[in-house]
Amino acid sequence: MAVEKLGIVGSGIMGSGVAEVAARAGMTVVLRSRKQETADALVAGLARSLAKQVERGKLDEAEAAAVAGRVSATADLEALSDCDLVLESIVEDLETKKQLFGELDRLVKDGALLATNTSTLPVVELAIVTDRPERVCGIHFFNPAPAMALVEVVRTLVSSDETIAEAKAFAEACGKSPVVVEDRAGFIVNGLLFPYLNNAVRMLENRTASRDDIDAAMKGGCNFPMGPLALLDLVGLDTSLAILDALYTEFRDPNYAAVPLLRRMVAAGHLGRKSGRGFYNYTKG
Ligand SMILES: NC(=O)c1ccc[n+]([C@@H]2O[C@H](COP(=O)([O-])OP(=O)(O)OC[C@H]3O[C@@H](n4cnc5c(N)ncnc54)[C@H](O)[C@@H]3O)[C@@H](O)[C@H]2O)c1
């Protein structure tokens, strides 16, 4: 079954990015935020992002209007009931996500796929709170969703083969290249990436080098497009901490034990780009 109507729950960095990707791929998208003001602001933000792409000649005006017309935003979870696929992209917290999956299972039409964009949490725990565990899987987009080619499709012990095939087909319809991975914390990319990011914070904390030199070294020495501290700011330090905590809980590997500086920065509200301050300062003026 091809996905014609996509529901997204969570209007943060990832939810809004995936909404743009799917609308550009021709799908109807309903984006659910807890507050109608946030939902409306997101639709306005999408219109601005599309207008910029028109200015840069990457999109023509008619196409931009068609994409914007395919996205609606709501504060009402019931508005997702007739979606073919609902992708959850809310805060990285297992209990919050479990509660949401229970609600989605009750209100979304029978047979629809329920997926999570979680970076690290056990997908099977979301599957088993529903009465359709075989229709639940992970569909993990990367940040920023419009630019990143990869999607990890996460198969739980109870996902059906049809579910995985449909999730892959959805990712391909979005213009992405899916890989399939078993349900282990961090999947492929974050399992390999987060020890590196965590150790970069450790180097900063123990004064091995300055912020700028750590980032410059990994850009210049490994040809990475951005350094690890800038990447942490892009991902969000709260989300990064939640990812490390989930990885550590699962594997007890010291490389996943979040460095104290990261935890303190989150406690201080320095969350990276989204809060205006992280390892770098993003406030204007
Ligand atoms: N940031 C990344 O680079 C990245 C990449 C891939 C996947 N993810 C995953 O995507 C998901 C969302 O991450 P994000 O970066 O968009 O986070 P974000 O902080 O930008 O957005 C989180 C959203 O969750 C909502 N939310 C918070 N508490 C809630 C609750 N109790 N009930 C319902 N909604 C709630 C917030 O209002 C916000 O809209 C997480 O599971 C994260 O691990 C993040």
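Looking for something of a type in the set (A, V, I, L, M, F, W, C) and over 29 Å from Lys97 (Cβ atoms) - is there at least one such residue anywhere in region 30-43? No, that holds for no residue. Among residues that are open to solvent by less than 20 Å² (accessible area, probe 1.4 Å), part of a helix (DSSP H, G or I) and over 16 Å from Asn143 (Cβ atoms), Ile214 is included.
A Cβ distance below 7 Å, combined with a sequence gap of six or more or placement on separate chains, defines the contacts here; from region 94-117, residues that are under 20 Å from Ala75 (Cβ atoms) and in contact (Cβ under 8 Å) with a residue 60 or more places away in the chain reach residues that are of a type in the set (S, T, N, Q) and within 16 Å of the ligand (Cβ to nearest atom) in the pairs Asn117/Ser89. Taken together, the criteria exclude Tyr280 from residues that are farther than 21 Å from Ser89 by Cα, open to solvent by 60 Å² or more (accessible area, probe 1.4 Å) and among the aromatic types (Phe, Trp, Tyr). Selection of region 104-134 for residues being open to solvent by 30 Å² or more (accessible area, probe 1.4 Å) and more than 17 Å from Ala242 (Cβ to Cβ) yields Arg106, Leu107, Lys109, Asp110, Gly111, Val124, Ile128, Val129, Asp131, Pro133, Glu134. The criterion of at least 3 residues that are within 14 Å of the ligand (Cβ to nearest atom), at pLDDT 95 or above and in contact with a helix residue (DSSP H, G or I) (Cβ under 6 Å, 6 or more places away or on another chain) is met by the following helices (runs of 4 or more DSSP H) wholly inside region 227-285: 228-235, 237-251.
When region 157-172 is limited to residues that are more than 16 Å from the chain's Cα centre (by Cα) and in contact (Cβ under 8 Å) with a residue 60 or more places away in the chain, the one that is farthest from Ala25 (Cα to Cα) turns out to be Glu166. Would you mind stating whether Cys137 is in a loop (DSSP other than H, G, I, E, B), crowded, with 24+ Cβ neighbours inside 10 Å and of a type in the set (A, V, I, L, M, F, W, C)? Considered against the rule, which asks whether it is in a loop (DSSP other than H, G, I, E, B), crowded, with 24+ Cβ neighbours inside 10 Å and of a type in the set (A, V, I, L, M, F, W, C), Cys137 comes out as no.
Taking residues in region 118-143 that are touching a residue at least 24 places away in the same chain (Cβ under 8 Å) and of a type in the set (D, E, K, R), and partners anywhere that are open to solvent by 10 Å² or more (accessible area, probe 1.4 Å) and within 12 Å of the ligand (Cβ to nearest atom), the pairs with Cβ atoms closer than 9 Å and at least 6 places apart or on different chains are Glu125/Leu94; Glu125/Lys98.
Note on region 74-93: among residues that are in a loop (DSSP other than H, G, I, E, B), buried (at least 16 other Cβ atoms within 10 Å of the Cβ) and in contact (Cβ under 8 Å) with a residue 40 or more places away in the chain, the one that is farthest from the ligand (Cβ to nearest atom) is Asp84. Could you identify the single residue in Gly175, Gly186 that is buried (at least 21 other Cβ atoms within 10 Å of the Cβ), touching a residue at least 24 places away in the same chain (Cβ under 8 Å) and outside any helix (DSSP H, G or I)? Exactly one residue qualifies, and that residue is Gly186.
Only one of the numbered conditions (1) within 15 Å of the ligand (Cβ to nearest atom); (2) out of contact with any helix residue (DSSP H, G or I) (no Cβ under 6 Å at 6 or more places or on another chain) is violated by Glu172, and that is (1). For Glu166, are the conditions met, namely being away from the ligand (no atom under 12 Å from the Cβ) and closer than 15 Å to Ala22 by Cβ? Yes, satisfied. Among the residues making up region 141-164, those that are buried (at least 17 other Cβ atoms within 10 Å of the Cβ) and in a helix (DSSP H, G or I) are Thr163, Ile164.
The values are calculated or read from the model by the stated rules, or taken from the named source; none is laboratory data. Since the model is a prediction, treat every value here as computed from it, not as a measurement. Neighbour counts run over all protein chains shown; Cβ positions are idealised from the backbone, glycine included. Each accessible area value is taken on the protein alone, full model and side chains, heavy atoms only, with ligands, DNA and RNA left out. Shrake-Rupley method; radii C 1.70, N 1.55, O 1.52, S 1.80 Å.
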